[in-house]
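The values are calculated or read from the model by the stated rules, or taken from the named source; none is laboratory data. Fair warning: this is a prediction, and the values are worked out from it, not measured in the lab. All Cβ positions, glycine included, derive from the backbone under ideal geometry; neighbour counts span all protein chains shown. For the accessible areas, the whole protein counts, side chains as well, though only heavy atoms, and no ligand, DNA or RNA atoms are used. Shrake-Rupley method; radii C 1.70, N 1.55, O 1.52, S 1.80 Å.
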Amino acid sequence: MAAEEMHWPVPMKAIGAQNLLTMPGGVAKAGYLHKKGGTQLQLLKWPLRFVIIHKRCVYYFKSSTSASPQGAFSLSGYNRVMRAAEETTSNNVFPFKIIHISKKHRTWFFSASSEEERKSWMALLRREIGHFHEKKDLPLDTSDSSSDTDSFYGAVERPVDISLSPYPTDNE
């Protein structure tokens, strides 16, 4: 690594969606997705959430005007974005998941409103994860020609080669 070391950002806890959207440097992506519930009681629920990706952190809000996030997580340690065919239902036709290199960490499930939208979110997340590890961008071509679909998902779904340091890197 170069002399300037990169550190994974930590999500801000108390920031409104509109404040986050107007942060210097902008956001990588923002929009509505369904998010799979995280508690035992909520596992079958997929509430609509306003999702923002900012500086390699994912924030989700009840709406685009919420004063604070419902939750947020850093993409640190996450190395794969994949379609989640096992989660496909009549209500969630375009689900995808973000997978951590360690089984101890949560796999996050989201569902987009269209195939085009799913491809766009997956490509962007893959690029955000790969940014720290591979130093190259994945092309964000989300054109919906069926012959390219397999090659698109082949590139996006392949795991990023990462190694987790046992030592904290953000001067904790």
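Taking the criterion of being under 19 Å from E86 (Cα atoms) and touching a residue at least 24 places away in the same chain (Cβ under 8 Å), the residues of region 11-63 that qualify are L33, H34, K35, K36, G38, W46. Among the residues of region 21-60, the ones that are in a helix (DSSP H, G or I) and modelled with pLDDT of 95 or more come to 1 in all.
Residues in region 74-103 that are of a type in the set (F, W, Y) and modelled with pLDDT of 95 or more were compared, and the one that is least open to solvent (accessible area, probe 1.4 Å) is F96.
Checked against the criteria, K35 does not count as more than 20 Å from S120 (Cα to Cα) and charged (D, E, K, R).
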